Amino acid sequence: MKILVIGSTGRTGKHVLTQGAERGHEITAYARRPELLTDRGRLAGVHQGDARDLDAVRSAIQGQDAVISAVGGSEIAGTLITAMRDTGVRRMVMTSSRSVVATRPRLAVTLAWLFLRAAYVDLARAEGMLQVSGLDWTIARATMLNDKPPAGRVHTDFEANATGGATQLSRADYAMALLDTVEDPALIGKALGICGPK
């Protein structure tokens, strides 16, 4: 697939670039600071720009098969939705957080919302925008991320609360799950929770 990665210099985005190229996809990076990309040799292309700049995003999306947005938020979601409609590109996987919908464990969720309410409200708004966009969307809600070595597997479910997964997930494994998701048409129109393996 030809895949555009938004937020490609972030800690998760970098893994998506590397793993996507290893899978044989034509990966294009989109970043505000492309000079931070350390291995451009395996990329199909690099676009510089802010993810809220409609003209720049539209130019980068043109000709792609799918978009993986490794950054969230309603403003970015709105730009991507408009650009994808304009260019006819339909498949999008957007990152989000388990805490947007989780109710357990109650103390941890309450504390998360206490300190990060504005961010979670914005992510919830972005999710809602995507769900009514008419695109072939999937929302990938991650649990707490870390930079530990990958386990090579994840726990996924479609419930508001984790049902068997670990509370932490390596960014490399999250990237793996994002690529698995964009490749799987059965996940179109679904929001899935992604946790570490037990």
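When the stretch 48-57 is filtered for residues that are open to solvent by less than 60 Å² (accessible area, probe 1.4 Å) and not in a loop (DSSP other than H, G, I, E, B), the ones remaining, listed by number, are Leu54, Ala56, Val57.
Listed here are the residues, each with its yes/no results for (1) hydrophobic (A, V, I, L, M, F, W, C); (2) closer than 19 Å to Gly128 by Cβ.
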site: Leu4; (1), (2): yes, no
site: Glu26; (1), (2): no, no
site: Arg33; (1), (2): no, no
site: Ser69; (1), (2): no, yes
site: Arg85; (1), (2): no, yes
site: Ser97; (1), (2): no, yes
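If Thr138 satisfies all but one of (1) within 18 Å of the chain's Cα centre (by Cα); (2) modelled with pLDDT of 80 or more; (3) farther than 19 Å from Val67 by Cβ, what's the number of the condition it fails? (3) is the only condition that Thr138 fails. Would you please name the residue that is most open to solvent (accessible area, probe 1.4 Å), looking only at residues in the stretch 155-198 that are basic (Lys, Arg) and outside any helix (DSSP H, G or I)? Looking at residues that are basic (Lys, Arg) and outside any helix (DSSP H, G or I), I get Lys198. Cβ-Cβ distances below 6 Å connect the following pairs, each with a first residue in the stretch 82-97 that is crowded, with 24+ Cβ neighbours inside 10 Å, a second residue that is aliphatic (A, V, I, L, M) and in a loop (DSSP other than H, G, I, E, B), and a separation of six or more residues or different chains: Met84/Leu135; Met92/Leu135; Thr95/Ala70.
Of all residue pairs spaced 6 or more apart or on separate chains, those with beta-carbon atoms under 7 Å, a first member in the stretch 22-39 that is among the small types (Gly, Ala, Ser) and a second member that is assigned to a loop (DSSP other than H, G, I, E, B) are Ala29/Ser8; Ala29/Leu37; Ala29/Leu43; Ala31/Ser8; Ala31/Thr9; Ala31/Leu37. Here Val89 passes the criteria (1) assigned to a helix (DSSP H, G or I); (2) at pLDDT 95 or above except the one numbered (1). Here Gly72, Gly20 are screened, and the one residue that is under 22 Å from Ile188 (Cα atoms) and modelled with pLDDT under 95 is Gly72.
The values are calculated or read from the model by the stated rules, or taken from the named source; none is laboratory data. Small disclaimer: the values here were computed from a predicted structure and weren't measured. Note that each Cβ is placed from the backbone with ideal geometry, even for glycine, and that neighbours are counted across all protein chains shown. What goes into the accessible areas is simple: the full protein's heavy atoms, side chains included, and nothing from ligands, DNA or RNA. Shrake-Rupley method; radii C 1.70, N 1.55, O 1.52, S 1.80 Å.
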